[in-house]
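Supplied in structure tokens, the structure appears directly below.
The values are calculated or read from the model by the stated rules, or taken from the named source; none is laboratory data. Here the structure is a predicted model, which means the values were calculated and not measured. Here the Cβ is made from the backbone with ideal geometry for all residues, glycine too, and neighbour counts use every protein chain on show. Note: accessible area is taken over every heavy atom of the protein model, side chains too, but ligands, DNA and RNA are not part of it. Shrake-Rupley method; radii C 1.70, N 1.55, O 1.52, S 1.80 Å.
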Amino acid sequence: QGCDPFAQTQRSKLQHRRARINQQINKEMRMRAGAENLFRATSNHKVKETVALELSYVNSNLQLLKEELEELNSSVDIYQNDSESISVPMIPLGLKETKELDLLVPLKDFISEHYGEEGILFEKEIKEFMELRQAMRTPSRNEAGLELLMEYYNQLYFLDSRFFPPTKSLGVFFHWYDSLTGVPSHQRALAFEKGSVLFNIGALHTQIGARQDRASLPGLNQAIDAFQKAAGAFNYLKENFSNAPSLDMSAASLNMLVRLMVAQVQECVFEKMTLLCTQHDFLARLQLAQEAARVEDVYSLVHQTMTQAHVKDYVPFSWTTMVHVKSEHFKALSHYFAAIALCDCPVASDAELPEQEKAFIQFHVTMPEGPSLRIVLQDPEERRKLGKAHLKKAIMKHEEAMRIHGLCKILRKMDILQEVLSFAHKRSLSKYSEIDHEEDFFETGDAPDIHPKTHQKPEIKSPNFSQVKVTDLFHRLGPLSVFSAKNKWYPARRVHLMRGENGFGFTLRGDSPVLIAGVIPGGCAAEAGLKEGDYIISVNGKDCKWSKHAEVVHLLKSTGEEGVEIGVITL
């Protein structure tokens, strides 16, 4: 459940293309490494020339593949919803791809060596784990897909405890491809596998957020929730997994992704406000303007982060451009709503004036030039003048957003974004011509920027791993408190005991597994070589690793004249 390996959706076709490009990049990089080694090793001039030519060919191939992958990462429109309404596209992430992994032999060997059990008896459990890993490579884009990834992530906790001792490697490599560059990485550490799955949990949340219909309130709330959870997954990854071998999981990259998700939440909050704002009064319009200024603020921060030296080389250019376009677009909207508040809303009555004045004092970053705010609020002509200044700035910013949008080939193909920008631009222009008087002889001033403020701060929601309950697939190996990869014990011994006058000559305590708490000197247990601290793992061939204290006592008491055979281990 939650897995659709054969789904022929647009999104899965993209993901298949990503897998193909990843494999080609891998092949070209291996060829490049070989050619570079040969170039360094040879002193023959002719060979050097041939290798240099081969290297330039491989490098140009790699460049083309990386550009193809960038275009793939820029196909944000495929992840959006199919509703008729026009919403600004959101940026989702593609899933990290991984190679198939065969754990059958390594785990069987480990079970034989470490646990002293027949490895072949655990083939069913190992295959079940491998099937789960195979399924989580193609999660469906919904709650079931998220649960599948979470289930696998939680199962890795048990795998780690059972099969990954702190001092020795299992000899298995985990291969994952970088989500943004397609470059392959591999590590023996299980932490890399965990981190990559966590990255995909975040990426799947971004895809779920992007596909919501944000023209409705439920859709907006779901998008906000999804982007907040995506931010939480990337943030958790940044704080708990360091030294990842791939760029997409570096601290700088994750920091950028957290900020991008927070900005997308803030944009949804603005859309929610416009949907809920049914009153067209002065204060509601001011609030919308401040909300838009807040969105501009967070997108500016994301743009700064994306253009930092060690991030800008691998973030798709279309993402950086889209974020820049959005920051200009929302700055324009903040000035547009300020103008609407001043020009379309009636002058305040004496009763409304104190509240409006209080809101207006905190509205601008710097005080507007000219008369006092109280006079501006009460004089329709002054309101028109300031509104005109805000509209002039809005139009400049709309034009800047459209100019930046035009610089990116991939964004130019995205009709929906073009439509949103041009609609907002035309709306501001028509408002400007409506309030512009022919006899205006004053120079339109420069409107101050609007103070950013939001009524709903984005939350970074950490992943809740406990919501998906899993049972340890390898629980037959025994309770983890004893039977784990980090503990070592001597080979199991079978001891035959006869009941004496004082019973078997030992006392027991604890559950799962039951522990020999004390051995009576001279008793038959002492003679058989049992020691305090030994664990009872079987009684007369019956496995007792998971048995409770009372069950083991009952089994011992029900033995007859022939005595009892118990299996014990010593840590």
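Go ahead and run the numbers for FRET between Ala492 and Phe465, Cβ-Cβ distance against an R0 of 35 Å, rounding to 0.05.
It comes out at approximately 0.55.
Using a cut-off of 20 Å between alpha-carbon atoms, which lysines can reach Lys326, once sequence neighbours fewer than 8 places away in the same chain are excluded?
Lys272, Lys312, Lys392, Lys393, Lys397, Lys409, Lys413, Lys426, Lys453, Lys457
Could you work out the relative contact order of region 85-218? I mean the mean sequence separation of Cα pairs under 8 Å and 6+ apart, divided by the number of residues, in percent.
Result for region 85-218 is 37 percent.
What's the FRET efficiency of Leu38 with Gln63 using the Cβ-Cβ distance as r and R₀ = 25 Å, to the nearest 0.05?
Values: r = 21 Å, r/R0 = 0.85.
So the FRET efficiency works out to roughly 0.75.
Could you tell me which residue out of His475, Cys524, Ile21 lies farthest along the dipole of the chain toward its positive end? Charges go on the beta carbon: Lys and Arg +1, Asp and Glu -1, centred on the Cα centre.
Of the listed residues, the answer is Cys524.
Pop a pseudo-label 7 angstrom from the Cα along the beta-carbon direction at both Arg412 and Arg509 and give the gap in nm to one decimal.
Between Arg412 and Arg509, the simple spin-label model gives 8.0 nm.
Determine ³J(HN,Hα), in whole Hz, for all residues of region 392-407 in sequence, where each value follows from phi through the Karplus function 6.51 cos²θ - 1.76 cosθ + 1.60 and θ = phi - 60°; x replaces Gly and Pro.
4, 5, 4, 5, 4, 6, 4, 5, 5, 4, 5, 5, 5, 4, x, 7
Calculate, for Trp546 and Phe173, the FRET efficiency according to 1/(1 + (r/R0)^6) with r their C-beta to C-beta distance and R0 45 Å; round to the nearest 0.05. Display every interim value, and only then the final one.
Working: r = 34 Å, r/R0 = 0.75.
It comes to 0.85.
I want to make sure I understand the PRE zone here: with the label point 7 angstrom from the Cα of Arg188 toward its beta carbon, which residues in region 133-169 have backbone N atoms less than 18 Å away?
160-169
Let me ask something else about it. Determine the relative contact order of region 489-570: mean sequence separation of Cα pairs under 8 Å and six or more apart, normalised by residue count, in whole percent.
40 percent
Excluding residues on the same chain fewer than 8 positions from Lys488, give the aspartates and glutamates whose Cα lies under 15 Å from its Cα.
Result set, ordered by chain and number: Glu113, Glu117, Asp534.
Further, regarding this structure: Hey, how many Å between the Cα centroid of region 218-257 and the Cα centroid of region 459-531?
Using only Cα atoms to place each centre, the spacing works out to 41 Å.
Moving on. In debye, nearest 20: dipole of region 338-442 around its Cα centre with unit charges on the Cβ of K, R (+) and D, E (-)?
Using Cβ point charges on Lys, Arg, Asp and Glu, region 338-442 gives about 800 debye.
Ordered by residue, what ³J(HN,Hα) values in Hz, to whole numbers, does region 302-307 give under the Karplus form 6.51 cos²θ - 1.76 cosθ + 1.60, where θ = phi - 60° and Gly and Pro are x?
Whole-Hz 3J(HN,Hα) from phi for region 302-307: 5, 4, 4, 5, 6, 9.
Pairs of lysines 8 or more apart, or on different chains, with alpha carbons under 20 Å: count those in region 38-194, would you?
Qualifying lysine pairs in region 38-194: 10.
Give me the percent relative contact order of the chain, please, defined on Cα pairs under 8 angstrom at least 6 residues apart.
Dividing the mean separation by the residue count of the chain yields 14 percent.
Same structure again: Short version: ³J(HN,Hα) in whole Hz for each residue of region 30-42, in order, from phi by Karplus 6.51 cos²θ - 1.76 cosθ + 1.60 (θ = phi - 60°), x for Gly and Pro, what are they?
Going residue by residue, I get 5, 5, 5, 4, x, 5, 5, 4, 5, 4, 6, 7, 8 Hz, with x marking Gly and Pro.
Now for a different question. How big is the charge dipole of the chain about its Cα centre, in debye rounded to the nearest 20, if each Lys and Arg gets +1 on its Cβ and each Asp and Glu gets -1 on its Cβ? Write out the running numbers ahead of the final one.
Numbers: 67 positive and 74 negative charges, 332 e Å.
For this selection, approximately 1600 debye.
Further question: Would you pull out the residues with amide H under 5 Å of Cys3's amide H, same chain only if 5 or more places away, H placed 1.01 Å from N?
Ser140
Starting from a Cα-only point model with no solvent, please compute log10 I(q)/I(0) by Debye for region 489-570 at q = 0.11, 0.21 1/Å.
Each listed q maps to, in turn, -0.23, -0.93.
Something else about it: In square angstrom, what is the accessible area per residue of the chain with a 1.4 angstrom probe? Intermediate values should be presented prior to the final figure.
Details: 27370 Å² over 571 residues.
Normalised by residue count, the accessible surface of the chain is 48 Å².
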